[in-house]
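Read the structure below first, then the notes.
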Amino acid sequence: MNLADPVLGAVGLLVAAGLAWAAVAAGRRRAAALAASGVAAGSPGRRRLSGVWFTIAGVAVLAIAVAGPAASVPVSHASGTVILAMDVSGSMAATDVAPNRLGAAKKAALSFINAQPGSVDIGVVAFQEGGLEVALPTADHATASAAVRKLTAGGGTSLGDAILASLSAITHRTVTVGRDGSAPNIGYWPSATIVLFSDGQDEAGATAGDNGTGADASADAAASVAEKAGVHVETVGVGTTAGTTVDVGGYHLFTALDPATLTSISQATGGTYHPASDASELNGIASAINLRLTVSHEPLPLAGAFIAAALVLLAAGAVLTVTRTGRVI
């Protein structure tokens with residue numbers, strides 16, 4: 001049990017101790033006076049003092065109540081942090097999912113945001129080549145929705161940077177992977193989840209070469225950081241495996257959904273890959289992703305209970321005093 005103001009409690013208990021000392025001293029003086037007059041002190045005298053002791057006990061309990069007692073109790077919350085990592089690369093302009101991949105992903109993301117309770121903080125990260133943080137996690141879901149609505153397609157994709165940018169938003173500090181691919185220690189965040197909407201096209205990896213530092217390795221390393229921190233990455237595949245062509249910078253490029261890459265990322269972090277080949281399937285993503293409950297210790301005020309107990313003791317003391325002595329005090 002914790003006390004908000006232990007000084008007040010100590011003062012109140014000193015007052016109660018002083019009253020108890022006075023009651024004992026008065027009882028001894030009365031017993032001495034009776035003995036001097038040849039009358040033996042017995043149980044009737046002690047019964048007359050019982051009301052006083054109830055009153056003193058009430059004062060002591062009231063002193064504890066004034067100190068603001070509180071107990072720490074575990075409370076389960078449907079809470080946590082969710083980062084929506086949105087792929088806004090050029091391939092997300094493909095129309096194999098109506099109206100296009102990004103439009104369908106935005107619609108699903110907004111549906112997901114609306115399905116979450118207010119106790120869940122939601123942030124948004126838009127990623128091209130290098131993760132770009134758009135909105136920090138907040139309980140104000142309107143902020144996250146506004147960030148999603150203003151996204152536009154263009155640029156390349158680095159899945160590894162997307163995960164690292166999402167982890168940076170969760171931890172509120174820059175998260176990077178060492179040159180040797182080593183995963184930094186960013187603490188443990190089991191109540192955080194990354195929901196990555198992408199077609200899986202890791203264009204940064206296509207030009208990285210064979211030096212072991214390409215985007216594929218970066219994605220694996222980033223996933224390792226998330227796994228070590230207890231953060232699940234739920235991947236949502238947007239597009240079709242049949243694919244289509246898209247106009248990027250005046251060139252017609254073929255693009256198709258890469259479920260293998262997205263599945264690898266999700267499995268590495270204990271998450272799940274969610275295929276979504278059309279808008280109707282994307283709309284069901286919100287109910288398919290399970291957020292974890294967290295348990296936090298919250299203070300439970302006990303002053304009310306102590307005040308109630310003090311009132312009972314004070315009332316009992318007053319009743320006993322009136323019925324056995326005929327006096328209110």
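The values are calculated or read from the model by the stated rules, or taken from the named source; none is laboratory data. The structure displayed is predicted, hence computed values, not measured ones. Here the Cβ is made from the backbone with ideal geometry for all residues, glycine too, and neighbour counts use every protein chain on show.
Scan the stretch 149-181 for residues that are part of a loop (DSSP other than H, G, I, E, B), in contact (Cβ under 8 Å) with a residue 24 or more places away in the chain and over 22 Å from the mean Cα position of the chain (by Cα) and the total you get is 11.
Across the stretch 77-102, the qualifying residues are those that are at pLDDT 90 or above and surrounded by fewer than 18 Cβ atoms within 10 Å (Cβ to Cβ), and the one among them that is farthest from the chain's Cα centre (by Cα) is Thr95.
Here Val73, Val59 are screened, and the one residue that is modelled with pLDDT of 75 or more and assigned to a strand (DSSP E or B) is Val73. Scanning the stretch 3-15 for any residue that is farther than 18 Å from Leu313 by Cα, of a type outside the set (Ser, Thr, Tyr), at pLDDT below 80 and in a helix (DSSP H, G or I) turns up nothing.
Screening Ile194 with (1) more than 17 Å from the chain's Cα centre (by Cα); (2) in contact (Cβ under 8 Å) with a residue 12 or more places away in the chain; (3) within 27 Å of Val246 (Cβ to Cβ) gives one miss only, at (1).
Test Thr213 against the criterion of being at pLDDT 85 or above and assigned by TED's automatic domain parsing to the domain that holds Val120, and give yes or no.
Values: at pLDDT 85 or above: no; assigned by TED's automatic domain parsing to the domain that holds Val120: yes.
No; evaluated as a whole, the condition is false for this residue.
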